[in-house]
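Presented below is the structure to which this report refers.
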Amino acid sequence: MNKKSVKDVKVRGRRVLVRADFNVPLDEQGKITDDTRIRASLPTIEYLIQEGARVILTSHLGRPKGKVNLKYSLAPVAKRLSEKLAQDVQLAADCVGDVAMEAVSKLQDGQVLLLENVRFHAEEEKNDPTFARDLATLAELFVNDAFGTAHRAHASTEGVTHYIPAFAGLLMQKEVEFMGNALERPDRPFVAIIGGAKVSDKIGVIENLLEKVDALIIGGGMANTFLKAQGFKVGKSLLEEEKLDLAKQLIEKAKAKGVELELPIDVVVAKAFEANAPHRTVRVSEIQEDEMALDIGSASAERFAARISTAKTVIWNGPMGVFEMDAFAKGTERVAQAVASCGGITIVGGGDSVAAVEKMGVADQMTHISTGGGASLEFLEGKVLPGVAALNEA
Ligand code: ADP
Ligand code: MG
C-alpha cells in the first residue's frame, strides 16, 4: 500500500482539513479520562503547525446519533489540545456552514481550529456527498490521521477525498506501514498470537493469518473451542459449540499449510468466574465438568514464550486469559514479557491486549502498538480499509 503522506505535499499557508481520532473516554463530569488518542495525533498536528499550515481538525466523539448533543461536544478536547500545543485551539460550534467558514477564514498560518463533533450531522455516517463536499470546501488539502475510523466509509474519512487531495497523517502512515509490512513481507519466522474471549470475533483474522504466518499461537477463551474440537473436555469453560466444526477446519488448514499451531497444554481452572475463586493449574486433559479454564497454565506460557523468543515478526491480538482478574493474568503477563523482549518486529493490536500491555508497563518495548481496535482487526483480516484506500497513491 503506497499512499502519499502529509510530508509529500507543500502545506505552508494552505488550509488543511485533518481527520483525527479524538474519540476519547469522558467521565460523568465530561472530563477526559484517557488522552492517549489526543497524544497520538500530536505529531501530525505539530508538523503542520511547524510547516505553517492552517490546521482545521475534525473528529467524532461518542455516538450522538446524528443530532447535536453537547454531552458529546469536543470542547474538552479543544481545551486539552490548547494545553498540549501551547497555543489557543478554538472550537467552531459546527463543522460545516457559515459558523465553520467564518472560523476558518480567521485562521492564520500555524494556527489550529477544531470543528465540533462531525457526528452531530446524520450525513456523516451516511457518507452523504453534499455534506462531504461542504466539509471539503473548508480546506484545500485533506489529511486522514484517524486510523481507528479508517474501516468506516464516512463523509469525513472517505467522502471528502472526492473533492480535495488526500494524504496520510503520520499516525495513519505508521499504522499502515507497520501492519502492512508485517502482513505483506514479514521477516521470518512470523508468529501470530491470537486470544480473547471468542472465536467468532476473530475468525477472519485467524483465516487470513493462516495464509501468512509460520506459527499461530491460540490462547484465551477461544482456545477452549479448539481444545474441544481436538477431543478434550472443557467443563464449564466459555465454549462456542456452533464453531466446533470451523475450529476443526482451521486446525486442518494449519496442517495443510504447514503452519505450527500452538494450543494450550495446561490451563488455570476455577469453579466460578470470580476474582477470588480458588483455582488450580491442570493439563488440558484434566479439566473437570464443574471447572472453567480462565487462563493458560505456566507450561503453556513457557512454550509460547519460547516460540515468541525466536520470532522475527510477532503480531499479538487478544489476551491469554481473564487478565482483568489478577489470579488469571499470569499467562497474559508471561506472553507480554516474551513479546516485549523479542528482538524482532512486535505489533500489538486490540483494545484489551493494548490495555494489558500498558498495565504491565511494557508498551514502550513494543515496535508498534495499534491505536485502532476495529480498524486493526479488519486490517489483520486482510480487508481494504476505505479510509486508507481513498488516499492519494504515492
Ligand atoms: P482485544 O480487545 O485485545 O481484541 P478481546 O476483546 O477479543 O481482546 O478479548 C478480551 C476479553 O477476553 C477479556 O475481557 C478477557 O477477560 C476475555 N477472556 C480471555 N480469556 C478468557 C477465558 N478463558 N474465559 C473467558 N473470558 C476470557
Ligand atoms: Mg476487546
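The values are calculated or read from the model by the stated rules, or taken from the named source; none is laboratory data. Values in this document were obtained by computation on a predicted structure and should not be read as measured data. Every residue, glycine among them, receives a Cβ derived from its backbone with ideal geometry; neighbour counts consider all protein chains shown. With ligands, DNA and RNA removed, areas are computed over all heavy atoms of the protein, side chains included. Shrake-Rupley method; radii C 1.70, N 1.55, O 1.52, S 1.80 Å.
Quick rundown of the values:
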quantity: Cα centroid separation - segment 32-59 against segment 273-293, whole Å; calculated: 47
quantity: Among A247, A93, A215: highest mean-square fluctuation, GNM of the chain, C-alpha pairs under 10 Å; calculated: A93
quantity: Fraction of beta bridges assigned by DSSP in the chain that are antiparallel (%, nearest 5); calculated: 20
quantity: Helical mean residue ellipticity (222 nm; -39500 (n - 2.57) per DSSP H run of 4+; nearest 500) of the chain; calculated: -10500 deg cm²/dmol
quantity: Segment 286-386: mean projected area of Cα convex hull, nm²; calculated: 7.6
quantity: Acute angle (nearest 10 degrees) that the helix 170-184 long axis makes with the longest principal axis of the chain, alpha-carbon atoms; calculated: 40
quantity: Carbon/sulfur fraction of accessible area - the chain, other protein chains in place, 1.4 Å, %; calculated: 47
quantity: Cleavage-rule hits (GluC sites (Glu not before Pro)) in segment 276-382: DSSP loop, at most 16 neighbouring Cβ within 10 angstrom; calculated: E289, E324, E381
quantity: Distance from segment 180-204 to segment 81-130 (C-alpha centre basis), Å; calculated: 37
quantity: Relative intensity, log₁₀ I(q)/I(0), of segment 6-171 from a Debye sum that treats every alpha carbon as a point, q = 0.08, 0.11 Å⁻¹; calculated: -0.19, -0.37
quantity: Contact order normalised by residue count of the chain, Cα under 8 Å, 6+ apart, percent; calculated: 16
quantity: Rg(Cα) / (2.2 N^0.38 Å) computed for segment 178-380, rounded to two decimals; calculated: 0.94
quantity: Rounded to 10°, Cα long-axis angle of helix 330-341 versus longest principal axis of the chain; calculated: 60
quantity: Gaussian network model of the chain, Cα within-10 Å springs - most flexible of Q29, Q365, Q337; calculated: Q29
quantity: Pairs beyond 32 Å (Cα-Cα), from K10/K202; K174/K212; K4/K126; calculated: K10/K202
quantity: Binned Cα-Cα distances of segment 139-262, short to long, each 10 Å bin given as a whole percent; calculated: 12, 32, 24, 20, 10, 2, 0
quantity: Solvent-accessible area per residue, Å², over segment 6-171 with all protein chains present [probe radius 1.4 Å]; calculated: 44
quantity: Relative contact order [Cα under 8 Å, 6+ residues apart], segment 178-380, whole percent; calculated: 22
quantity: For the chain, projected area of the alpha-carbon convex hull averaged over all directions, nm²; calculated: 19.6
quantity: Cα-based helix-to-principal-axis angle, 36-50 vs the chain, degrees rounded to 10; calculated: 40
